[in-house]
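Asks: I have a structure I would like to understand better, so I am pasting it below and will then ask my questions one at a time.
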Amino acid sequence: MSGAPRELPDLKNHPALRAPETKAVFKALETPGAPTRLVGGTVRNALLGEPVKDIDMASVLTPDRVTQKAEAAGLKVVPTGIGHGTVTIVAHGQPVEVTTLRADVETDGRRATIRYTEDWAEDAGRRDFTMNALYCDADGNLFDPLGGIGDLQARKVRFIGDAEDRIREDYLRILRFFRFFAFYGHGRPDAAGLKACVRLKSGMDVLSAERIWSELKRILEAPDPARAMLWMRTTEVLQRVLPESWGIDSIHTLIAAEQAEGWLPDPLLRLQSIMPPRADRIDAMSERLKLAKSETARLSEWATIDQVAADISDDALAARLYRDGPQPLRDRFQLAFAKALGEGNDDACQGLRSRLAFIEGWQKPEFPVTGKDLMLLGHEPGPAMGELLAALEEQWIESGFTLSRETLLKDVREGL
Ligand code: ATP
Ligand code: MG
């Protein structure tokens, strides 16, 4: 990645512009004197040559008129954020978010009261970073009301206007600053932006848990979040939102391991790499940040399963996989692998790689005995039967999953 300004690509033929849903929405909303343009991440990523995940548009048309026109063109409209002027149009099965040009009238650090405007510079001015305030019409013509192109080319994440003022309007922008830096930033983060984050980080306390966690997760999803995390730690933004973290040193080796082994970015594994495997901390964090049940379960299992040795045998590992499930063991081994890689311990890496391959290839065997089998042998359903089943299952696991249904039931029949 080079910091030197590059030629801007011609957007006319960019897949985001040529996509049928983009074309359909542009066509449906076409109105003389009331343009609709692509905006935000769509334009930013198209210009940077980064993948465009979703199509965001800005329109002079009010949400009512957007809805009317889209429906008249046979498109489905969902009022996803009508309070701030956003509707989602579904075209060719794909969502396109259309937000009416707007200005923030009043803000409280979390949300804004808005009014509509027809002034593109005003709409640009309420956005967070200069690289996020670029627009592009259906023909690929760029509009840059605030001069954000230079920052984009230099990969500089810069607040629009005064960084502190902008953060006071919405404290989530602190985390967005680090997220966009993680994904698209180059060199050092913007000094004024960093300084403002340091001064105002306590303001993040007003944010809802959901917004913080979803933004944190997105930072942790970046191809390489290590630099951003380092700056978050230096500014103590990280400690503010994630006091459970014990330091970010291990994230470097995890990223190196991901790259060496071709593992996909996994935000929860990255989180595990920067926090101790302690159930109390995980519970506190899950509660504070309102993690999803499945996320909390994954972290808790990782923290609470019994120790597992790197040189565990196939049979013993198979038994552990059956009891603990593959996820916590995979998490443990991946983190151990990253550590070994960081220490340059090739033998350990080799061993752990083979353990991880075993986990990937493992399929959960099905316990061959059911309650029905026991009922046929005259056992009554109830706690005693549950215990008998559990004891049989234990025997079966101990046998390396080899005892057959017949053998197990024969033992029952003979009262063993
Ligand atoms: P991506 O979708 O790739 O995560 P994005 O830039 O499109 O990135 P969105 O959250 O989809 O981010 O928002 C779309 C645009 O809306 C942004 O580019 C920005 O211009 C504006 N925006 C979103 N959230 C904020 C915010 N909290 N403060 C100011 N502007 C915002
Ligand atoms: Mg977006």
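Readers should treat all values here as calculations from the given coordinates under stated rules, not as data from a laboratory. Keep in mind that this is a model prediction, so the values were computed, not measured. So basically every Cβ, Gly included, is an ideal-geometry build from the backbone, and we count neighbours across all protein chains shown.
Asks: Given a Förster distance of 41 Å, report the FRET efficiency between Thr402 and Arg278 from their Cβ-Cβ distance, rounded to the nearest 0.05.
Replies: 0.65
Asks: Going by C-beta contacts inside 10 Å, put Leu376, Leu48 in order with the fewest on the left.
Replies: Arranged by neighbour count, lowest to highest, Leu376, Leu48 become Leu376, Leu48.
Asks: Provide the per-residue ³J(HN,Hα) series for the range 234-241, in order, calculated from phi with Karplus coefficients 6.51, -1.76, 1.60 and θ = phi - 60°, each as a whole number of Hz, with x at glycine and proline positions.
Replies: Each residue of the range 234-241 in turn: 4, 7, 6, 5, 5, 4, 5, 8 Hz.
Asks: Just Arg278, Arg44, Arg126 to compare: in a GNM of the chain, with alpha carbon springs under 10 Å, which one fluctuates most?
Replies: Highest fluctuation among the options: Arg278.
Asks: Among Arg320, Arg233, rank each residue by its count of other Cβ atoms within 10 Å, from fewest to most, as a rough exposure measure.
Replies: Arg233, Arg320
Asks: If you build a Gaussian network model of the chain, linking Cα atoms that sit under 10 Å apart, which residue out of Val198, Val98, Val78 swings the most?
Replies: Val78
Asks: Could you list Phe180, Phe358 in order of exposure, starting from the residue whose Cβ has the fewest other Cβ atoms within 10 Å?
Replies: Going from least to most buried by this count: Phe358, Phe180.
Asks: For the chain, what is the charge dipole size about the Cα centre, in debye to the nearest 20, if Lys and Arg each add +1 at the Cβ and Asp and Glu each add -1 at the Cβ?
Replies: The dipole of the chain has a size of about 1200 debye.
Asks: For the range 282-351, rounded, prolate or oblate, judged on the Cα gyration tensor with a ≥ b ≥ c (square roots of eigenvalues), a/c < 1.5 rounded, else prolate if a/b > b/c?
Replies: oblate
Asks: Another question, if that's okay. Can you run phi through the Karplus equation (6.51, -1.76, 1.60; θ = phi - 60°) for the range 102-107 and list ³J(HN,Hα) in whole Hz, with x for Gly and Pro?
Replies: Ordered by residue, 3J(HN,Hα) equals 8, 10, 7, 8, 9, 9 Hz.
Asks: Here is a further query. Excluding residues on the same chain fewer than 8 positions from Lys27, give the aspartates and glutamates whose Cα lies under 16 Å from its Cα.
Replies: Once the sequence-local aspartates and glutamates are set aside, what remains near Lys27 is Asp56, Glu71, Glu97, Asp137, Asp139.
Asks: Separate question: Counting C-alpha atoms alone, how compact is the range 371-413: give Rg to one decimal and Dmax as a whole number, in angstrom.
Replies: 10.1, 29
Asks: Do any of Lys156/Lys290; Lys195/Lys217; Lys12/Lys156; Lys364/Lys410 go past 27 Å between their Cα atoms, and which?
Replies: Lys156/Lys290
Asks: Determine, from the Cβ-Cβ distance of Arg199 and Asp54 and an R0 of 35 Å, the FRET efficiency 1/(1 + (r/R0)^6), rounded to the nearest 0.05.
Replies: My answer for the efficiency is 0.60.
Asks: Sticking with this one: Relative contact order for the range 284-416 using alpha-carbon pairs under 8 Å, separation at least 6, rounded to a whole percent?
Replies: Relative CO of the range 284-416 lands at 22 percent.
Asks: Of all DSSP beta bridges in the chain, what percent run antiparallel (nearest 5)?
Replies: 80 percent
Asks: For the range 1-102, compute Rg over Rh where Rg is the Cα radius of gyration and Rh is the Kirkwood radius from the inverse mean 1/r over Cα pairs.
Replies: A ratio of 1.01.
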